[in-house]
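Have a look at the structure below, then the notes.
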Amino acid sequence: MMHNNSVTEFILLGLTQDSVKQKAIFGVFLILYLMTLLGNCLIVITIKMSRTLGGPMYFFLFYLSFADACFSTTTAPRLIVDSLFQKKIITYNECMTQIFAAHFFGCMEIFVLILMAFDRYVAICKPLRYTTIMNQRICGILVILAWVGSCIHSSAQIFLALRLPFCGPNVIDHFSCDLQPLLKLACMDTYVINLLVVSNSGAICTVSFIVLLISYIVILYTLRNHSTEGRRKALSTCTSHFIVVVIFFGPCIFKYTRPLITLPIDKMVSVFYAIATPLLNPLIYTLRNAEVKNAMKKIWCGKVLIKNI
């Protein structure tokens, strides 16, 4: 490894040093995390078991929920467990693993959101060719490309992180490891590396958001010619997608597209990004989607009835 061995572990300051607040953090975030896991696992299992949710949209939703559950798991458990201890220590290797995993699953979410927008675009703008374009094989290839893209992105991030030399200060003013807080501790000029971080993460966030924005504008424009019923259904689906996109990309762009300055709101933005977003996604998709709700009722209510018989 290329790092300087004088620092083998980091101390995380967490969200607060106040022991009363830490107990509250433990309770609140434990509930939120369990709800996130439950919500996303419910969607994953429902889509896997349901016969009616076989379309490309649900194929992608399956991977979005999977990525959500994993993305939340990269930061939430550590934040929850650490809130029980006054001194929060994370080893160098754990820190690097956390950076890789968070960027891998976060990037996976971005790519899956783009695939979902592409799916809606084809369904609404090219309805006659939809089944030919979005066949099972193509959907499978698109998801594989999303995995590969995420892997390239997180490998680039970890490559930058491994090059940082640490020679003394090891207190990270954050609740998890990420490149920005680490850049502050590195004993070297981090200007170039910070530029690379911004151009890697920042570009992925911003370009993806613009692509998604354009695709939804095109979809809305095409919907003018549809029947009222068709327009209502398509608008409902696209609205839920768009809500998720805004909730996800707002914090992402805020976090990764600016120079290396720390703002007091940074931790709250990160909390929202790492814990609230993966919880909101399943809620938005299930509450606004009648097909998912019906499939869940069929599978889960059916199971309860069988057990009671």
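Assorted remarks:
- Every test in (1) touching a residue at least 60 places away in the same chain (Cβ under 8 Å); (2) open to solvent by 10 Å² or more (accessible area, probe 1.4 Å); (3) of a type outside the set (Val, Ile, Thr) is passed by Gly140 save one, and that test is (1).
- The residue pairs whose first member lies in region 172-184 and is within 20 Å of Asp82 (Cα to Cα) and aromatic (Phe, Trp, Tyr), whose second member is open to solvent by less than 20 Å² (accessible area, probe 1.4 Å) and outside any loop (DSSP other than H, G, I, E, B), and whose beta carbons are closer than 9 Å, counting only pairs six or more residues apart or on different chains, are Phe175/Leu12; Phe175/Thr75; Phe175/Leu79; Phe175/Asp82; Phe175/Lys88; Phe175/Ser270; Phe175/Val271; Phe175/Ala274.
- Test for Ile284: is it within 20 Å of Met35 (Cα to Cα), open to solvent by less than 70 Å² (accessible area, probe 1.4 Å) and outside any loop (DSSP other than H, G, I, E, B): yes
- Selection from region 57-88 of residues that are touching a Phe, Trp or Tyr at 6+ places or on another chain (Cβ under 9 Å) and of a type in the set (S, T, N, Q): Ser65, Ser72, Thr73, Thr74, Thr75, Ser83
- When restricted to residues that are open to solvent by 60 Å² or more (accessible area, probe 1.4 Å) and either among the hydrophobic types (A, V, I, L, M, F, W, C) or touching a Gly at 6+ places or on another chain (Cβ under 7 Å) (or both), region 219-233 contains 1.
- Just one of the listed residues (Phe175, Phe159, Phe111) is assigned to a helix (DSSP H, G or I) and crowded, with 19+ Cβ neighbours inside 10 Å, namely Phe111.
- Cβ-Cβ under 6 Å pairs, at least 6 apart or on other chains, region 203-215 side farther than 15 Å from Phe111 by Cβ, far side modelled with pLDDT of 90 or more and open to solvent by less than 70 Å² (accessible area, probe 1.4 Å): none
- Residue match in region 63-74 (condition: farther than 30 Å from Met296 by Cα, open to solvent by 30 Å² or more (accessible area, probe 1.4 Å) and modelled with pLDDT of 90 or more): no
- Per-region count, region 89-108, residues touching a Phe, Trp or Tyr at 6+ places or on another chain (Cβ under 6 Å) and open to solvent by 20 Å² or more (accessible area, probe 1.4 Å): 1
- Per-region count, region 234-253, residues open to solvent by 20 Å² or more (accessible area, probe 1.4 Å) and touching a His at 6+ places or on another chain (Cβ under 9 Å): 0
- Checking each residue in region 56-99 for being over 15 Å from Cys177 (Cβ atoms) and without any contact (Cβ under 8 Å) to a residue 60 or more places away in the chain picks out Phe62, Phe66, Ala67, Cys70, Ile80, Phe85.
- Whether a residue is more than 26 Å from Gly39 (Cα to Cα) and at pLDDT below 80 was assessed, and Leu220 does not pass this test.
- Within region 143-156, the set of residues being over 30 Å from Met188 (Cα atoms) and open to solvent by 40 Å² or more (accessible area, probe 1.4 Å) comprises Ile144, Leu145, Trp147, Val148.
- All conditions in (1) more than 21 Å from Leu37 (Cβ to Cβ); (2) β-branched (Val, Ile, Thr); (3) part of a helix (DSSP H, G or I) hold for Thr74, with the sole exception of (1).
- Residue ID - farthest from Gly140 (Cα to Cα), chosen from residues in region 23-46 that are more than 19 Å from the chain's Cα centre (by Cα) and surrounded by 18 or more Cβ atoms within 10 Å (Cβ to Cβ): Ile25
- For region 114-134, taking the residues that are of a type outside the set (D, E, K, R) and free of Cβ contacts under 8 Å to residues at least 12 places away in the same chain, the one that is surrounded by the fewest Cβ atoms within 10 Å (Cβ to Cβ) is identified as Leu128.
The values are calculated or read from the model by the stated rules, or taken from the named source; none is laboratory data. On a predicted model such as this, the values are computed, not experimentally measured, just so you know. Neighbour counts are summed over all protein chains in view; Cβ atoms, including those assigned to glycine, are modelled from backbone coordinates with ideal geometry. Side chains included, ligands, DNA and RNA excluded: accessible areas come from the protein's heavy atoms. Shrake-Rupley method; radii C 1.70, N 1.55, O 1.52, S 1.80 Å.
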